[in-house]
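Here is the structure we will look at.
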Amino acid sequence: MSTQRLAELPNAVLHLIEKASGPVADVGTVNAGRNSAIAARVRTTGHTLFVKGLPLDHPWVWTQKREADISPYVQAIAPELRWHVEADGWSLLGFDYAEGGHADFTPGSPDLPAVMATMTRLAAIPAPDIELKTMPHRLRTYVDDPADLSWFAGNSLLHTEWNPHNVIMSGGSALLVDWGWASLGAAWIDPALWLLWLIAHGHTPNQAETEAAAHPAWDLAPPTGLDALARVQHRLWNSIAAESNDDWAKPMQRAAHAWDEHRNTPV
């Protein structure tokens, strides 16, 4: 489900931003992503911010708090959160604005090693003592056999949302944004989810798995667990594509089908 993006900031939102950061000098809409009603580059007298927000009655408003809670733990690999306000019907997050473009996931892209380097740094961050969803819970409706959920359990902090719009290339490094769906699970799940986006951007399943294998946890991934995750992702993306008009849904459905076929078709 995507969220309708507002073309202009409501006066109440502008007022909240000015209370947090001072007079607003300029506002530019950020078009990437579809999970926020508000996504804007906001220049004040002292800072340039990325501001994202949802109405307080939105069913996904909990993702705003999740991002605020996790921000202190991921500052080395994500833009710094300056403030989180909930007032006047809005939940708003104000991050340092990260200059740069979105990551290129096509074969041979020079961005791929930097993305993997950041993913590896994430794997070294201890799971914070905050409320997080678990991967078995998130994937529970997409398994044939509930016993398969045991493969996905773990205590590693995962980003899970590897859309290239969530990876900003800045100064030669990859910064991760949009942490609302951060979860706990087996450490190999992040590179496994990333490889689906690589397939959607032109990699073969073999090529994508080779890129994912650079992650330190990949060697720990049980083949049976990877097979189960491929089946689950195929079902999940079938469901998403059936309900979503976003331009990435169909390519991801095809990528999930290709990976499932690669992993689970008898030789």
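The values are calculated or read from the model by the stated rules, or taken from the named source; none is laboratory data. This structure is a prediction, so every number in the text was calculated from the model and none was measured. Note: ideal-geometry Cβ built from the backbone for every residue, glycine included; neighbour counts use all protein chains shown.
Data overview
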{"read-out": "Sole exception among (1) in contact with an Asp or Glu (Cβ under 6 Å, 6 or more places away or on another chain); (2) not assigned by TED's automatic domain parsing to the domain that holds residue 158 for residue 111, by number", "value": "(2)"}
{"read-out": "Helices (runs of 4 or more DSSP H) contained in segment 166-261 and holding at least 3 residues surrounded by fewer than 21 Cβ atoms within 10 Å (Cβ to Cβ) and of a type in the set (Ser, Thr, Tyr)", "value": "none"}
{"read-out": "Which listed residue is at pLDDT below 95, within 23 Å of residue 191 (Cβ to Cβ) and of a type outside the set (Asp, Glu), from 32, 25", "value": "32"}
{"read-out": "Residue 156 being touching a Leu at 6+ places or on another chain (Cβ under 9 Å), crowded, with 21+ Cβ neighbours inside 10 Å and of a type in the set (Ser, Thr, Tyr)", "value": "no"}
{"read-out": "Pair list, Cβ under 9 Å, 6 or more apart: segment 202-217 residue in contact (Cβ under 8 Å) with a residue 60 or more places away in the chain, other residue part of a loop (DSSP other than H, G, I, E, B) and of a type in the set (Val, Ile, Thr)", "value": "202/106; 203/106"}
{"read-out": "Segments classed as strands (runs of 3 or more DSSP E), wholly inside segment 33-91, with at least 1 members that are among the polar types (S, T, N, Q) and over 19 Å from the mean Cα position of the chain (by Cα)", "value": "38-44, 48-55"}
{"read-out": "In segment 99-114, the residues that are touching a residue at least 24 places away in the same chain (Cβ under 8 Å), part of a loop (DSSP other than H, G, I, E, B), surrounded by fewer than 19 Cβ atoms within 10 Å (Cβ to Cβ) and not charged (D, E, K, R)", "value": "100, 106, 107"}
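Residue-wise test of (1) within 13 Å of residue 192 (Cα to Cα); (2) aromatic (Phe, Trp, Tyr); (3) not assigned by TED's automatic domain parsing to the domain that holds residue 190.
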| residue | (1), (2), (3) |
| --- | --- |
| 218 | yes, yes, no |
| 226 | yes, no, no |
| 241 | no, no, no |
| 250 | no, no, no |
| 256 | yes, no, no |
| 259 | yes, yes, no |
